[in-house]
Amino acid sequence: MSLSPLLSALRADPAFAQLAEAGKAAVDVSGPPGIRPFAVAALATPECPVLAVTATERECAELVAALRSVLPPDQVVDFPAWETLPHERLSPRADTVGRRLAVLRRFAHPSDSDPTTGPIAVAVAPVRSLLQPLVPGLGDLVPVELHEADEADFDEVVAALAAIAYT
């Protein structure tokens, strides 16, 4: 269910209008948990995205779900943390790596033709995901896309996969 009309009504409130104006700089907002999605949404635009940091993965998932009922769902993403610690000799799950890369790609190169790869208004991240190291330029990696019934040159696909560290 979309609650976006409620956001329009809240923007008329002087406190929310002041919050939206303050959104041009770093903002620290405190209030009851129910107001969080509306406060974040009041600040968010695709031209000036918001990074909302939560304490846990669970809080991240809850905030993403709430924000998707207020803002266009494709403009709200989560930036997940790896399930492994840096000193462990385990790799993070492939879907987690893929989701992180997709968010970085959307920030670096948003697509106007597809809403699922378009501009981001809000990225929600548990604090642990922000503490994990990032290699510069990950958002510039070009994804390899293969579609059913399309033909692709095998050598080109292999070269493209090798270029992004597949073996």
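A compact table of results
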read-out	value
Residue in segment 140-167 that is nearest to THR117 (Cα to Cα), counting only those that are in contact (Cβ under 8 Å) with a residue 12 or more places away in the chain and not in a loop (DSSP other than H, G, I, E, B)	ASP140
Subset of segment 22-54 [at pLDDT below 75, surrounded by fewer than 13 Cβ atoms within 10 Å (Cβ to Cβ), closer than 21 Å to PRO119 by Cα and not hydrophobic (A, V, I, L, M, F, W, C)]	LYS24
Whichever residue in segment 76-127 is part of a loop (DSSP other than H, G, I, E, B), without any contact (Cβ under 8 Å) to a residue 60 or more places away in the chain and of a type in the set (A, V, I, L, M) and, among such residues, is nearest to PRO49 (Cα to Cα)	ALA81
Criterion (over 17 Å from ALA102 (Cα atoms) and either of a type in the set (Val, Ile, Thr) or open to solvent by less than 60 Å² (accessible area, probe 1.4 Å) (or both)) met by exactly one of VAL135, VAL158	VAL158
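A quick yes/no check of all residues on (1) under 22 Å from PRO32 (Cβ atoms); (2) in contact with a Leu (Cβ under 6 Å, 6 or more places away or on another chain); (3) not basic (Lys, Arg):
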position	(1), (2), (3)
THR56	yes, no, yes
PRO72	no, no, yes
ARG89	no, no, no
GLY98	no, no, yes
SER111	no, no, yes
PRO119	no, no, yes
PRO126	yes, no, yes
LEU134	no, no, yes
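The values are calculated or read from the model by the stated rules, or taken from the named source; none is laboratory data. Fair warning: this is a prediction, and the values are worked out from it, not measured in the lab. Heads up, the Cβs are rebuilt from the backbone with ideal geometry, glycines too, and the neighbour counts pull from every protein chain shown. Heads up: the accessible areas ignore ligands, DNA and RNA and are worked out on the full protein's heavy atoms, side chains in. Shrake-Rupley method; radii C 1.70, N 1.55, O 1.52, S 1.80 Å.
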